[in-house]
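Asks: This is the structure, below, for whatever I ask next.
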Amino acid sequence: MADHPPMRADARRNREQILRAAHAAFVEYGPAAPLDQIAERAGVGNATLYRHFPTREDLIHSVAVHDMDQVAATATDALDSSPSAWEAIRTFASQVVEHQSVAMLPILGGQVESGPRFSEAAARVLSAVDSLVDAAQAEGTLRPDVTSGDLILFLAVATRPLPALSPALATTLRDRLLGTLLDGLRRGESAPLPGLGMTAEGIVSGLSGAGTEE
């Protein structure tokens, strides 16, 4: 495949605005969110949206990849900059919930086709979150029966939109949910988790549909 020419600064800005707007719209309305509303949220015309993403499937795929890249970068940055592995877990979880970065997992489901871009982004997520979990367990602060898949799923639940609540109340309740979640993840006197922990690889592979990227 031939390399694409570098994108102009204004085109990169438009693309980033569309991805952010699409993320918010998909969180709120699901993958059937109106594309003209996404363009309006992004502050661009419909023609600009379609120039970057010719089909709804292109946009959904790109939002999923973009979100996975954000999750991977957040995990890596947290581990690199935090004074302890547990603080890295706290920072990672807080930022993921604040930005609803993994909300796409349960919302998009099988709407995302697999392919090279998706697989590469998934590999980055797996490596970054595995490193975070391994470091906290080696430190003795994260309970040993928690898997990276558990962490991703727990945060996916915490980032789902809360219906019929004002944004301020939803944020408050989400903060309480996150605090309870982190308390349950910390190693201490607690009952073993029921069932088997799912791997992060299993979670991410379950997000993609059966199609492939050309």
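Asks: Please give the length that would be gained between ASP69 and VAL157 if that part of the chain were fully extended, namely 0.36 nm times their separation in residues minus their C-alpha to C-alpha distance (nm, one decimal). Show your work: numbers first, answer last.
Replies: Details: separation 88, 0.36 × 88 = 31.68 nm, distance 1.90 nm.
Result: 29.8 nm gained on full extension.
Asks: Please state, as a whole number in µm²/s, the translational diffusion coefficient that the Stokes-Einstein equation yields for the stretch 1-147 at 25 °C and 0.890 mPa s, with Rh defined as the Kirkwood radius across alpha carbon pairs. Provide the component values of the computation, followed by the final result.
Replies: Details: Rh = 16.6 Å.
Approximately 148 µm²/s, per Stokes-Einstein.
Asks: Right, next: Mind checking the per residue accessible area of the stretch 1-80 for me, 1.4 Å probe, whole number of Å²? Before the final figure, lay out the partial values.
Replies: Numbers: 4340 Å² over 80 residues.
Ligands and nucleic acids excluded, the result is 54 Å² per residue.
Asks: Rounded to two decimals, what ratio of Rg to Rh does the stretch 80-159 give with C-alpha atoms and a Kirkwood Rh?
Replies: Details: Rg = 13.3 Å, Rh = 13.5 Å.
Here the Rg-to-Rh quotient is 0.99.
Asks: Sticking with the crude label model, points 7 Å out along Cα→Cβ, report the distance from SER127 to ARG186 in nm, one decimal please.
Replies: My value for the distance between the label points is 3.2 nm.
Asks: While we're on this one: Considering only protein heavy atoms and a 1.4 Å probe, what is the carbon-and-sulfur percentage of the accessible area of the stretch 15-98? List each step's numbers first, then the result.
Replies: Numbers: 1700 of 3660 Å².
Reported share for carbon and sulfur atoms: 46 percent.
Asks: Let me ask another. List the residues whose amide H sits under 5 Å from the amide H of VAL112, counting only those 5 or more places along or on another chain, with H placed 1.01 Å from N in the peptide plane.
Replies: Residues meeting the amide H criterion: GLY209.
The values are calculated or read from the model by the stated rules, or taken from the named source; none is laboratory data. Given the structure is predicted, the values throughout are model-derived calculations rather than measurements. In this analysis, Cβ positions are derived from the backbone assuming ideal geometry, glycine residues included, and neighbour counts consider all displayed protein chains. These area figures cover heavy atoms from the full protein model, side chains too; ligands, DNA and RNA do not enter into them. Shrake-Rupley method; radii C 1.70, N 1.55, O 1.52, S 1.80 Å.
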